[in-house]
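Below: the structure, in structure tokens.
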Amino acid sequence: MIDPWASFSVDYDKLVNQFGIQVISDMIGDIENPGRLMKRGVIFGHRDFDIINKKINGNEEFAVVTGMMPSGQMHIGHKMVVDQLKWYQDKGAMLSLPIADMEAYAARDMSFEKAREITINEYLTNYIALGLDLEKDNVNIYLQSQNEDLHRLAFKASRKTNFNELKAIYGFTPSTNIAHVQAPLLQVADILLPQIEEFGGPKKVVVPVGIDQDPHIRLTRDIAHKLSEELGFIAPASTYHRFLTGLSGDKMSSSKPSTAIYLNEDSETAAKKVKTAKTGGRESLKEQQELGGEVDKCVVYEMLVYHLIDDDAELEKIRQECLDGTLRCGDCKAHASELMAKMFDDLSDKQEEAREIAETLI
Ligand code: SF4
């Protein structure tokens, strides 16, 4: 069992072997213009992504679904998901973006009004500012609490599972609140929704997630099979990405400012925060020169890989200079910090106009 609500310290290789997830690097040569995150192994695994890739190459219809629980501030770890959505949108995907206000109500005691406000000001605004076109015809954004199709579908999905199955996946106990039991079924319906007649009927859907979400994916695929006769549904595909480590070396968290760089912070604050990040640097400069840095334990390097450097050759040069001890952490951080400031300047230039569009969407 993977705990879907506790997502840090994951042994990715073990999970790939244990749960039958396929390795994306095996098919990277077949993907036309793979995104930065795919090329660099941040997106490391998949189920059925080969089928999605065929749809992309054949210009055939498919959809991508990413839910958002409006529970706090959006940070640079979330940006990674938006980058993936942008890649799929550029490849012609229908985008379905459920807003999990019912789950936020169940899990975080958040009112629907507050959830809507956070959705507009944090999530949709930044989605647009980061390059998504949410005004296209084939984009479906909805609040769970207001979508009757979703409620009907969740009810149908609930008929295809039982309490013991959900208990085995989520660890529910007899005292678990029933709203918590309903939440995963709404998520199942969120993933299956692009297949209803209103959106053109059954189609392949891909869901980009962290590995901690795989229990939801397996449940959804199972229920899709069980609904195939009644509704013609097909099992969704999924991809799995690594998490961006928090600044302090722990999990990046929406509620812990010392761990995260929030997308609504100004560029100066973002740049300063980069300088607080844990590095893979050695105890002394002498040791660094002799042994080289521990690049794969370095949060600054992760930020370069995930967000700050597009050019693979430039990134490789930094990696090599870190490993051979010629690059000093202070200089490396200063460079990363400048790049982060630039990224945040670009973002804040776009946020105001994006907010105006966001307000019209839900
Ligand atoms: Fe990290 Fe750069 Fe230091 Fe290497 S030189 S450990 S990449 S900060």
Table column - 3J(HN,Hα) (Hz), segment 331-342, Karplus curve with 6.51, -1.76, 1.60, x for Gly and Pro: 5, 5, 5, 4, 5, 4, 5, 5, 5, 5, 4, 5
Amide hydrogen neighbours beyond the local backbone of Ala237, cut-off 5 Å, H modeled: Val205, Val206, Val207
Computed magnitude of the charge dipole of segment 12-241 (debye, nearest 20; Cβ of K, R +1, Cβ of D, E -1): 480
Inter-label distance, nm, simple model (7 Å from Cα along the C-beta direction), Thr176/Lys226: 1.4
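Using helices alone, I'd like the mean residue ellipticity at 222 nm for the chain: each DSSP H run of four-plus residues gives -39500 (n - 2.57), total over residue count, nearest 500.
About -14000 deg cm²/dmol.
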Gain on full stretching of the segment that runs from Glu338 to Lys278 - 0.36 nm per residue minus C-alpha separation: 19.9 nm
Quotient of C-alpha Rg and 2.2 N^0.38 Å, computed over segment 203-362: 1.36
Proportion of all alpha-carbon pairs of segment 265-358 beyond 24 Å (%): 27
Neighbourhood net charge (12 Å Cβ-Cβ; Lys/Arg +1, Asp/Glu -1) for Ile56: -2
Enclosed volume per residue, in Å³, of the convex hull spanned by Cα atoms of the chain: 140
DSSP bridge orientation in segment 12-241 - percent antiparallel, rounded to nearest 5: 25
Residues with amide H under 5 Å from that of Val139, placed H, sequence gap 5 or more: Leu95
Selection from Gly92, Val188, Ala168 lying farthest towards where the dipole of the chain points positive, charges on Cβ: Ala168
Among Ile191, Ile234, Ile261: highest mean-square fluctuation, GNM of the chain, C-alpha pairs under 10 Å: Ile234
Derived scalar couplings ³J(HN,Hα) [segment 185-200; Karplus, 6.51 cos²θ - 1.76 cosθ + 1.60; whole Hz; x for Gly, Pro]: 6, 5, 5, 4, 5, 4, 6, 8, 3, x, 8, 6, 4, 3, 9, x
Nonlocal amide H pairs with His75, under 5 Å, H built at 1.01 Å: Leu263
Inter-label distance for Thr360 and Ala313, nm, one decimal - labels placed 7 Å from Cα along Cα-to-Cβ: 4.3
³J(HN,Hα), Karplus 6.51/-1.76/1.60, whole Hz, each residue of segment 292-301, x for Gly, Pro: x, x, 9, 4, 7, 10, 9, 5, 5, 4
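Report the FRET efficiency, 1/(1 + (r/R0)^6), for Arg152 and Asp26, where r is their Cβ-Cβ distance and R0 is 35 Å, rounded to 0.05.
Calculated value: 0.35.
No lab work stands behind these numbers, since they all come straight from the coordinates. Small disclaimer: the values here were computed from a predicted structure and weren't measured. When we count neighbours, we look across all protein chains shown, and the Cβ atoms used for this are built from the backbone with ideal geometry, even at glycine.
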